[in-house]
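Novice: Mind having a look at this structure? Questions to follow.
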Amino acid sequence: GELASGLVGKGRMAEPEHIFQAIETHYKKQLKLYGKQVLITAGPTYEAIDPVRFIGNHSSGKMGYALAEVAAENGASVTLVSGPTALKISHPEIRVVPVVSAEEMFQAATRFFERADVVIAAAAVADYRPRKVAEQKIKKKGEDLVLELEETTDILKSLGARKSHQFMVGFALETEHGRENAQRKLERKNLDFIVLNSLQDRGAGFKTDTNKISIIKKADVLDFDLKSKREVAQDIIREIGNALELK
Ligand code: CTP
């Protein structure tokens, strides 16, 4: 191209954008999840009763969103399948797929599963949904109302059963016998890690900005202190990155 002297030839400085891109790629390649496809489920699901009512839960989605951000900052391309939350994501490497019900979350997660290298199921999925959704708003009748519920698909278990190369991480929220229950879930759902948070720990669990977790692996357990959800996400992503390096 044209040089500063006005001559044309070799020696022209590369465009600053290209230099910046080359430096960025160089450093990105050193990130723990560089080039990995990460599928994350987050938030609650809403199971419709009628056009205006649903069965839901207190999940804020904060843990799953923090994981998505930290994974993207570590070089991953993230698909975040999210139930209804008030949270926003702006990272260019995070694609948000909004869903409402457990069935929609199952369909969306299944769609992205094959190309995922890492799957993190942080969503609080409803285990039951009304067997029938009333077409019109249910009216008060001055008597008890019985709702019949049926089981939803266990998304993580169903993906775990089809696992090939994917590294799979689940969450367990337990009120008693945490370790034993989590260990059983790890095996039943064919997972590599299960993140246990106990509702008995103050500051842990739903709606808070902090969490206290243990990462249960097949062979050992790591206990962490009470931390912000962002720091907890950093711990989890670091452990996943370390495990992938050893794979
Ligand atoms: N999970 C899921 N689909 C469901 C239920 C749960 O993908 N229908 C995932 C959650 O995202 C979480 C893990 O499974 O990662 C554990 O969920 P939890 O509800 O604690 O466990 P369950 O298997 O439902 O067992 P239980 O209700 O007996 O505690």
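Novice: Are there any pairs with C-beta distances below 6 angstrom linking a residue in the range 67-94 that is under 17 Å from Ala121 (Cβ atoms) to a residue that is outside any loop (DSSP other than H, G, I, E, B) and polar (S, T, N, Q), with the two at least 6 apart or on different chains, and if so which?
Specialist: Correct list of pairs: Val70/Gln234; Val81/Thr41.
Novice: Sticking with this structure for a sec: Does Ile155 qualify as being over 20 Å from Val81 (Cβ atoms), in contact with a strand residue (DSSP E or B) (Cβ under 9 Å, 6 or more places away or on another chain) and buried (at least 17 other Cβ atoms within 10 Å of the Cβ)? Even if it seems obvious, please write down each step before you answer.
Specialist: Values: over 20 Å from Val81 (Cβ atoms): no; in contact with a strand residue (DSSP E or B) (Cβ under 9 Å, 6 or more places away or on another chain): yes; buried (at least 17 other Cβ atoms within 10 Å of the Cβ): yes.
Judged against the criteria, Ile155 is not a match.
Novice: Additional query: From Lys36, Lys62, grab the single residue that is farther than 22 Å from Thr208 by Cα, buried (at least 19 other Cβ atoms within 10 Å of the Cβ), among the basic types (Lys, Arg) and in contact with a Leu (Cβ under 8 Å, 6 or more places away or on another chain).
Specialist: Criteria check complete, one pass: Lys36.
Novice: Moving on to the next point. For the range 92-142, which fully contained strands (runs of 3 or more DSSP E) count at least 1 residues that are over 21 Å from Gly64 (Cβ atoms)?
Specialist: Output list reads 128-130.
Novice: Only one of these is within 12 Å of the ligand (Cβ to nearest atom) and within 18 Å of Tyr65 (Cα to Cα): Asn190, Asn197, Asn211. Name it. Explain how you work it out, then say what you get.
Specialist: Working: Asn190 fails: within 18 Å of Tyr65 (Cα to Cα); Asn211 fails: within 12 Å of the ligand (Cβ to nearest atom).
The conditions single out Asn197.
Novice: Those residues that are within 13 Å of Val125 (Cα to Cα) and small (Gly, Ala, Ser), I need them from the range 47-66; list them, please. Quick ask: steps written out before the conclusion?
Specialist: From the range 47-66, those within 13 Å of Val125 (Cα to Cα) are 47, 55-61, 64; that's our starting set.
Hits for the range 47-66 are Gly56, Ser59, Ser60, Gly61, Gly64.
Novice: Ok, one more. Could you say which residue among Ala161, Ala116 is surrounded by 13 or more Cβ atoms within 10 Å (Cβ to Cβ) and in contact (Cβ under 8 Å) with a residue 12 or more places away in the chain?
Specialist: Numbers: Ala161 fails: surrounded by 13 or more Cβ atoms within 10 Å (Cβ to Cβ).
The conditions single out Ala116.
Novice: For the range 166-187, which positions are closer than 21 Å to Ala233 by Cα, away from the ligand (no atom under 11 Å from the Cβ) and modelled with pLDDT under 95?
Specialist: So the first thing to find is which residues in the range 166-187 are closer than 21 Å to Ala233 by Cα, and the list is 166-174, 178-179, 182-183, 185-186.
Those left that are additionally away from the ligand (no atom under 11 Å from the Cβ): 166-167, 179, 183.
Within the range 166-187, Arg179, Gln183 qualify.
The values are calculated or read from the model by the stated rules, or taken from the named source; none is laboratory data. Note that the coordinates shown come from a computational prediction; the quantities given were computed from them, not determined experimentally. All Cβ positions, even for glycine, are placed from backbone atoms using ideal geometry, and neighbour counts span all protein chains on display.
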